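Visitor: Before I ask anything, let me first share the structure, which is written out below as structure tokens.
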Amino acid sequence: MSRDSGGVAVRVLEREYVIAASGEQRDAVLASADYLNERLRELRRGGRVVGNDRLLVLVALNVVNELLQERGARRDQAAAIERLGALAARLTAALGTLEPTPHSG
């Protein structure tokens, strides 16, 4: 994989593609191509998938499935944080209604 002035050249399944990217996008494109190639090698090592088209589709489906699971986990996490914030607000309000007690010292 290499860089040229108009984009980033990446190699996937023995074919080179030039992807238009600038600045920070270049590193992301290179990292994405590396990840894709690693996943392709993993699936190819399994030996049960024949044909580059099928291989690409299966890897794409696996990666999209990972992405959707991660998004779901983040939504769940955001909802939990929101519930904890509401609980903290309720606790703070409840504590504010308590009368102070003298501490023995």
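Visitor: Quick one: which residue in 83, 71, 90 is among the basic types (Lys, Arg) and closer than 28 Å to residue 38 by Cβ?
Guide: Answer to the check: 71.
Visitor: Among the residues that make up segment 27-36, is at least one of them closer than 17 Å to residue 61 by Cβ, open to solvent by less than 40 Å² (accessible area, probe 1.4 Å) and among the aliphatic types (A, V, I, L, M)?
Guide: No, segment 27-36 contains no residue that is closer than 17 Å to residue 61 by Cβ, open to solvent by less than 40 Å² (accessible area, probe 1.4 Å) and among the aliphatic types (A, V, I, L, M).
Visitor: Does segment 68-80 include one or more residues that are in contact with a helix residue (DSSP H, G or I) (Cβ under 7 Å, 6 or more places away or on another chain) and surrounded by 10 or more Cβ atoms within 10 Å (Cβ to Cβ)?
Guide: no
Visitor: Just give me the residues in segment 1-60 being of a type in the set (S, T, N, Q) and outside any helix (DSSP H, G or I), in sequence order.
Guide: Once the filter is applied, which keeps residues that are of a type in the set (S, T, N, Q) and outside any helix (DSSP H, G or I), segment 1-60 yields 2, 5, 22.
Visitor: Name the one entry in 28, 33, 78 that is free of Cβ contacts under 8 Å to residues at least 40 places away in the same chain, more than 23 Å from residue 11 (Cα to Cα) and of a type in the set (A, V, I, L, M, F, W, C).
Guide: Matching residue, one of 28, 33, 78: 78.
Visitor: Identify the single condition in (1) at pLDDT 90 or above; (2) open to solvent by less than 90 Å² (accessible area, probe 1.4 Å) that residue 61 does not satisfy, given that it satisfies every other one.
Guide: For residue 61, the failing item is (2).
The values are calculated or read from the model by the stated rules, or taken from the named source; none is laboratory data. What you see is a predicted model; the values in this text were computed from it and never measured. Virtual Cβ from ideal backbone geometry, glycine too; neighbours counted across all protein chains shown. Note: accessible area is taken over every heavy atom of the protein model, side chains too, but ligands, DNA and RNA are not part of it. Shrake-Rupley method; radii C 1.70, N 1.55, O 1.52, S 1.80 Å.
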